[in-house]
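Below you'll find the structure, written out as structure tokens, and then a few comments.
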Amino acid sequence: MILGVRGKMKNITCIEDLRQLARRKVPRAFFDYAEAGSYSEETLRANRTDIEKIKLRQRVLVNVATRDTSTTILGEKMSLPLALGPVAMTGLEHGNGEILACRAAHNAGIPFTMSTLSICSIEDVAAAVKKPFWFQLYVMKDRGFVRSLIERAAAAKCSALVLTVDLQVLGQRHIDIKNGLSVPPALKIKNLINMGTKPGWVFSVLSGKHWTFGNLHGHVKGMEDVKSLAQWVGSQFDESLNWKDVEWVRNIWPGKLVIKGILDVEDAKLAVKTGAAALVVSNHGGRQLDGAPSSISILPKVADAVGSEIEVMFDGGIRTGQDVLRALALGARSCLIGRAYIFGLGAAGEAGVAKAIDIIQKELDVSMALTGVKRINEIGRHILVQ
Ligand SMILES: Cc1cc2nc3c(=O)[nH]c(=O)nc-3n(C[C@H](O)[C@H](O)[C@H](O)COP(=O)(O)O)c2cc1C
């Protein structure tokens, strides 16, 4: 089994290879769920096309013999300017997916973020890993439940709370409706048959800790099965969410706060006022407001406006180490990835996530050398073709 994974890993040279493998291994409905964007997917596409337009400056005859990709994120030393971002239902891409991804991140020396809507619970992951992880929070209508979630994250010694602010209403993903991944879930017969053709996935998911939202199951009264929990989640996104709620969260959460989902300079300035340690320039991977600009096009504006007052992080469309380098050059201090590691997870579990991180690390290292920089803090706009 291990030899099999190793053998397969040898021929994996880029994130696209992991994506192809995940497509074969993960049931169609869950692969589509991870890959899709909202509505016409304009913003999803722009995240990639705009990153590719940014050109790196090739420099030669610079001594780059001693390079180092390590940096600090939220004051902690990390091996890379990279974190695994929150992805709902990670544990349905591969059984125990949150635990496996967290272990791979920790072994690589980078942070892992667990989604509120994960399959494993906060407590499951805390019991299975040796270091603290970050917890992502959706503020739902039931503030009593939200308070208890924050308290559970604190009790599990989560080292940062990532408050996502770009999902008070849900953008529609057409493919999820077509596949029956809707509220309530009603998987189509064709999807159930398709699952039967993925025995590795079936085995991993059936042996996982949960098959439903682990953080909610047993904590929301009267909601014990997948259908009623999904309905509860669907009814709980709070359209009234506003900056006062951020203050409320800050008063309950004792640790570092990260505000995720900023795509506008005015909002970035308001985020600074909350006293948060960091913000993430993000459009939720093109899954929310379709027609919004790519996150890379907004990053330099936000970094220029608030980069000296708050740690600016970035996500959206990162598939290579070159992409990380581009984002750092435009003012990000670190990057989050979503799909890049989810493809790794679907392809080969923990080994696949480790491979995704390793690929990005090596690409970043080589690209730093070829642009003539040795350390993360030397990266700036001078490495871009203006
Ligand atoms: C399948 C999927 C589920 C996601 N679930 C969450 C979530 O629960 N909470 C959250 O803040 N962001 C969520 N995101 C957004 C990611 O954290 C991140 O912003 C996005 O994936 C970055 O774009 P990328 O996938 O191109 O790297 C999700 C993204 C994907 C692809």
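The values are calculated or read from the model by the stated rules, or taken from the named source; none is laboratory data. Treat the numbers as computed from the prediction; the structure is a model and nothing was measured. When we count neighbours, we look across all protein chains shown, and the Cβ atoms used for this are built from the backbone with ideal geometry, even at glycine. Just so you know, the surface numbers come from the protein's heavy atoms only, side chains and all, with ligands and any DNA or RNA stripped out. Shrake-Rupley method; radii C 1.70, N 1.55, O 1.52, S 1.80 Å.
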Original post:
Among the listed pairs Lys227/Lys256; Lys55/Lys374; Lys10/Lys260, which are separated by more than 27 Å between their Cα atoms?
Top reply: Lys227/Lys256; Lys10/Lys260
**OP:** Can you give me the three principal axis dimensions of the stretch 66-153 from its C-alpha atoms, in Å, biggest first?
**Re:** 52, 28, 20
Subject >> Mean-position separation - Cα centroids, the stretch 127-144 and the stretch 63-95, in angstrom >> reply: 18
Subject >> Probe 1.4 Å, protein heavy atoms only - accessible area per residue of the chain in square angstrom >> reply: 43
Original post:
Which of the lysines could a cross-linker span from Lys130 if the Cα-Cα distance has to be under 19 Å and same-chain partners fewer than 8 positions apart are dropped?
Top reply: Lys77, Lys157, Lys209
Original post:
Å³ per residue of the Cα convex hull, for the chain?
Top reply: 131
Original post:
Hey, which aspartates and glutamates would be in cross-link range of Lys8, C-alpha to C-alpha under 17 Å, not counting anything within fewer than 8 residues on its own chain?
Top reply: Glu16, Asp17, Glu350, Asp358
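Determine the calculated [θ] at 222 nm for the chain from helices alone, applying -39500 (n - 2.57) to every DSSP H run no shorter than 4 residues and normalising by the residue count; nearest 500 deg cm²/dmol. Working shown, then result.
Details: 16 runs with 177 residues, N = 386.
Estimated from H runs of four or more residues: -14000 deg cm²/dmol.
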**OP:** With a 10 Å radius around each residue's Cβ, average the other Cβ atoms per peptide and rank 64-72, 257-265, highest first.
**Re:** 257-265, 64-72
**OP:** Averaging sequence separations of C-alpha pairs under 8 Å and six or more residues apart, then dividing by the length of the chain, give the relative contact order as a whole percent.
**Re:** 29
**OP:** Step through the residues of the stretch 231-242 one at a time and calculate ³J(HN,Hα) from phi using the Karplus curve (6.51 cos²θ - 1.76 cosθ + 1.60, θ = phi - 60°), rounding each to whole Hz and writing x for Gly and Pro.
**Re:** 5, 4, 4, x, 8, 9, 5, 9, 5, 8, 3, 8
Subject >> Values of log10 I(q)/I(0), in the order q = 0.12, 0.15, 0.18 Å⁻¹, for the stretch 232-380 under a Debye, Cα-only, solvent-free model >> reply: -0.59, -0.88, -1.15
Original post:
Carbon and sulfur atoms: what percent of the 1.4 Å accessible area of the chain do they account for?
Top reply: 55
Original post:
Of all DSSP beta bridges in the chain, what percent run antiparallel (nearest 5)?
Top reply: 15
Original post:
When the Cα centres of the stretch 226-244 and the stretch 168-202 are compared, how far apart do they sit, in Å?
Top reply: 20
